[in-house]
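All remarks here apply to the structure that follows.
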There are 2 protein chains.
Amino acid sequence: MSVTAAQGFEAAAVTAGLKASGGLDLALVVNRGPLTSAAAVFTTNRALANPVIWSKQVIADGVVSAIVLNSGGANCFTGGTGFQTTHATAEAVSEALEVSAGDVLVCSTGLIGEQLPLQKVLDGVATAASGLGDHGDAASEAIMTTDSKPKRSVHTGDGWILGGMAKGAGMLAPGLATMLVVITTDAVLDSTQLDTALREATRLSFDRLDSDGCMSTNDQVSLLASGASGVTPDLDDFTAALTALCVDLAQQLQSDAEGASHDIAIRVVGAASDDDAVEVGRSVARNNLFKAAVFGNDPNWGRVLAAIGTTQAEFDPYDVDVSINGVLICRQGAPYRPRDEVDLTPRAVDLLIDLRVGEASATILTNDLTHDYVHENSAYSS
Amino acid sequence: MSVTAAQGFEAAAVTAGLKASGGLDLALVVNRGPLTSAAAVFTTNRALANPVIWSKQVIADGVVSAIVLNSGGANCFTGGTGFQTTHATAEAVSEALEVSAGDVLVCSTGLIGEQLPLQKVLDGVATAASGLGDHGDAASEAIMTTDSKPKRSVHTGDGWILGGMAKGAGMLAPGLATMLVVITTDAVLDSTQLDTALREATRLSFDRLDSDGCMSTNDQVSLLASGASGVTPDLDDFTAALTALCVDLAQQLQSDAEGASHDIAIRVVGAASDDDAVEVGRSVARNNLFKAAVFGNDPNWGRVLAAIGTTQAEFDPYDVDVSINGVLICRQGAPYRPRDEVDLTPRAVDLLIDLRVGEASATILTNDLTHDYVHENSAYSS
């Protein structure tokens, strides 16, 4: 179901011939209204792909009628020709659906620095537009690149529905591979309300997923509301539901991260501030030595403390506690329980860092550094 | 020769029993004078190993009579007991050599979070002190951990000599594994002159080696002067020679980095400032996706531009040129020469990034991300 779970939305997925594998590679999601309110957040990378440059203009007025997404090419660093391809794609959707091209979001994912085959994209759009229906599942497959499975989530509220799809294995900023997310709802909400809810939800979900510290040029999370349910939810309730849905999608991205063999939740507690907790969690999430140790089932807490030492967060290296999978292996910066009490064979790893200076906390999701990660990212040009 | 190439220095290396391998694991370097001036720079990690905490106190007055180094244990996050081990080690050197313990630098490298066996260290110091001589080569072997070979460099000036040894594969801040460097000279220079020269030399050498972005808790670079040559060099000449020697040692560290199959020189030119050039080079050096691509002999310049996009450096993503091994593969942010013209089979990789906004430049040295890197750092608890 994903993006077609909520009333007022139709989707289609086609094989436009962009992917070498020959699978579905172009998805179209249309908002039939009555509302066409929308919000979106984008990569913070300063090198922006053409579809991101385009979509930032589209979202400015908070009105979106459709979103077209392709895999098989990122359309990034493709110069003026690449931007024309994005523009022509939106125009093709505009003609087929009789909506304004300025209300069509465009997303692309795949190899950077190669032109998309324009005619194949345009033909794909035409085919998709003629096959719209309850095809949210197929749409979630068409946006996959190295994903091993589609990511979908649906939440049923009090008279309204949220549904979403995601691809990639990373985060908004940074991301391992491009992360594309489309979420739809039939709740009655305006674009300002959607923007507020989406920024809060992504801050606590995709922004705290840091698989390998590499930020994509194409990341985009879009939220479209049709108002077709006729129900206006309490904004706090809606935001909470949206956050839970985004966390669910983020966890699906984490568990399908390229080559990973462990899903690591880094829980930082006792921090002086939320920012400190996030900075500490992120520094550990980006430490290759710690991530390689987890791959080797080695509870190497010294690498955790060495990573914390690179931050500006408030802490005393000799008053930090570290637990791995429930075993207090480091107490106040010194060895405590024996290493061999820690069982790292399960895929899920719980790393608890207590800075012991305050009350703030944050959880960052990451993965281990594995042979398969190196293999996929050396063999797959993306 | 390394640290005993210059007049006035003696060294010894012994097997104290700290390393599981049973090899040389403790080195002692003694300055017989007439001068005992010295300078040192340390890791910028906020979590400091006990020998670093000790050595920072020792260097404060610019006087160093001896330096004792051990492999087989980092003595980091070992609490009060660990600091007492460092202190007792310096006291043992003091007694054996009849120098002040406050003039003895201590360096340790190996696993974090484990206590060193104190008695073995003390016995090792006594044995080393009784076997001092022209043993710079053996000393350079005793400080090795995952190093496959010792790193040594000697420079002969106009009547004076510089000699040095290094271990590890990383940089002062950050470092893949602990980096320890000891450099000796018989030039007549005071500690202030040595400090000025050493900071300039490390800024342009070890500080620009970034193998995997992970900063050690134990990094230390020490420079000792005996004045035994009786020659006072021009400080600029000395600094230039010291810089060249440090670059030589840094390149040896790079080419022996754990598991690496490519040595990558990232040359950033056309930058608005030195800081911008270093920031851009470092962002690329820390991008796992680019480093994995190099391992796979894939000239993936899109990942280079995506990494640059995460910096605050002045640049226009659509006016950047990228050349790999002499092939201009990206011109003004768009594809230029075909990818298959780039030959990435040689170990040495030359990545040239022209930001086209100014005149500043910097070169950062790094390595690729390989299966062997993951293997060594998952299987070896360090």
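The values are calculated or read from the model by the stated rules, or taken from the named source; none is laboratory data. From a predicted model like this one, the values you see are computed outputs, not experimental measurements. Quick reminder, even Gly has a Cβ in these numbers, built from the backbone with ideal geometry, and neighbours come from all protein chains shown.
What are the residues in region B:58-96 that are aliphatic (A, V, I, L, M), crowded, with 19+ Cβ neighbours inside 10 Å and out of contact with any Phe, Trp or Tyr (no Cβ under 7 Å at 6 or more places or on another chain), if any? So that I can check it myself, show each step before the final result.
Step one: filter region B:58-96 for residues aliphatic (A, V, I, L, M), giving B:58-60, B:63-64, B:66-69, B:74, B:88, B:90, B:92-93, B:96.
If we keep only those that are crowded, with 19+ Cβ neighbours inside 10 Å too, we end up with B:58-59, B:64, B:66-69, B:74, B:90, B:92-93, B:96.
Within region B:58-96, B:VAL58, B:ILE59, B:VAL64, B:ALA66, B:ILE67, B:VAL68, B:LEU69, B:ALA74, B:ALA92, B:VAL93, B:ALA96 meet the criteria.
With region A:10-91 as the region, which strands (runs of 3 or more DSSP E) entirely inside it contain at least 2 residues that are at pLDDT below 95, touching a helix residue (DSSP H, G or I) at 6+ places or on another chain (Cβ under 7 Å) and among the basic types (Lys, Arg)?
Working: elements: A:26-31, A:37-42, A:66-70.
Correct list: empty, since no element meets the threshold.
So which helices (runs of 4 or more DSSP H) are wholly in region B:232-304 and hold at least 2 residues that are surrounded by 24 or more Cβ atoms within 10 Å (Cβ to Cβ) and in the same structural domain as B:GLN332 (by TED's automatic domain parsing)?
On the way: elements: B:235-255, B:274-285, B:288-295.
The qualifying helices (runs of 4 or more DSSP H) are B:274-285, B:288-295.
Please find, among A:ILE329, A:ILE324, A:ILE308, the residue that is under 21 Å from A:ASN288 (Cα atoms), β-branched (Val, Ile, Thr) and more than 12 Å from chain B (Cβ to nearest Cβ). First the steps, then the outcome.
Working: A:ILE329 fails: more than 12 Å from chain B (Cβ to nearest Cβ); A:ILE308 fails: more than 12 Å from chain B (Cβ to nearest Cβ).
Result: A:ILE324 is the single residue among A:ILE329, A:ILE324, A:ILE308 that is under 21 Å from A:ASN288 (Cα atoms), β-branched (Val, Ile, Thr) and more than 12 Å from chain B (Cβ to nearest Cβ).
Could you list, in sequence order, the residues of region A:322-366 that are touching a residue at least 40 places away in the same chain (Cβ under 8 Å) and among the charged types (D, E, K, R)?
If the condition is that a residue be touching a residue at least 40 places away in the same chain (Cβ under 8 Å) and among the charged types (D, E, K, R), then A:ARG339, A:ARG347, A:ASP350, A:ASP354, A:ARG356, A:GLU359 are the ones that fit.
Considering only region B:175-193, how many residues are touching a helix residue (DSSP H, G or I) at 6+ places or on another chain (Cβ under 9 Å), at pLDDT below 95 and part of a loop (DSSP other than H, G, I, E, B)?
Matching residues across region B:175-193 total 3.
Can you tell me how many residues within region B:34-53 are crowded, with 24+ Cβ neighbours inside 10 Å and under 25 Å from B:THR192 (Cβ atoms)?
Let us first name the residues in region B:34-53 that are crowded, with 24+ Cβ neighbours inside 10 Å, namely B:37-40, B:43, B:45, B:47, B:49-52.
Retained after the next criterion (residues that are under 25 Å from B:THR192 (Cβ atoms)): B:37-40, B:43, B:51-52.
Residues that pass the stated criteria total 7.
Run B:VAL106 past the list (1) in a helix (DSSP H, G or I); (2) in contact with a His (Cβ under 9 Å, 6 or more places away or on another chain) and report the number of the one that doesn't hold.
With respect to (1) in a helix (DSSP H, G or I); (2) in contact with a His (Cβ under 9 Å, 6 or more places away or on another chain), B:VAL106 is out only on (1).
Any chance you could count how many residues in region A:332-363 are β-branched (Val, Ile, Thr) and within 13 Å of another protein chain (Cβ to nearest Cβ)?
Initially, region A:332-363 is screened for residues β-branched (Val, Ile, Thr), giving A:342, A:345, A:349, A:353, A:357, A:363.
When the remaining residues are screened for being within 13 Å of another protein chain (Cβ to nearest Cβ), the result is A:342, A:353.
Result for region A:332-363: 2.
Quick one: A:VAL268 ticks every box in (1) closer than 20 Å to B:ILE112 by Cβ; (2) within 14 Å of another protein chain (Cβ to nearest Cβ) bar one, so which box is it?
Of everything listed in (1) closer than 20 Å to B:ILE112 by Cβ; (2) within 14 Å of another protein chain (Cβ to nearest Cβ), A:VAL268 misses just condition (2).
Being under 19 Å from A:ALA166 (Cα atoms), more than 14 Å from chain B (Cβ to nearest Cβ) and of a type in the set (Gly, Ala, Ser) is true for just one of A:GLY110, A:GLY72, A:GLY62, A:GLY102. Which residue is that?
Values: A:GLY110 fails: more than 14 Å from chain B (Cβ to nearest Cβ); A:GLY62 fails: under 19 Å from A:ALA166 (Cα atoms); A:GLY102 fails: under 19 Å from A:ALA166 (Cα atoms).
Being under 19 Å from A:ALA166 (Cα atoms), more than 14 Å from chain B (Cβ to nearest Cβ) and of a type in the set (Gly, Ala, Ser) holds for just one of A:GLY110, A:GLY72, A:GLY62, A:GLY102, which is A:GLY72.
So, in region A:194-229, of the ones that are polar (S, T, N, Q) and at pLDDT 95 or above, which residue ends up surrounded by the fewest Cβ atoms within 10 Å (Cβ to Cβ)?
So in region A:194-229, the residues polar (S, T, N, Q) come out as A:196, A:202, A:205, A:211, A:216-218, A:220, A:222, A:226, A:229.
Keeping just the survivors that are at pLDDT 95 or above gives A:196, A:222, A:226, A:229.
Values: A:THR196: 15, A:SER222: 27, A:SER226: 23, A:SER229: 20.
Among them, the one singled out is A:THR196.
If you scan region A:3-33, which residues turn out to be surrounded by 22 or more Cβ atoms within 10 Å (Cβ to Cβ) and charged (D, E, K, R)?
A:ASP25
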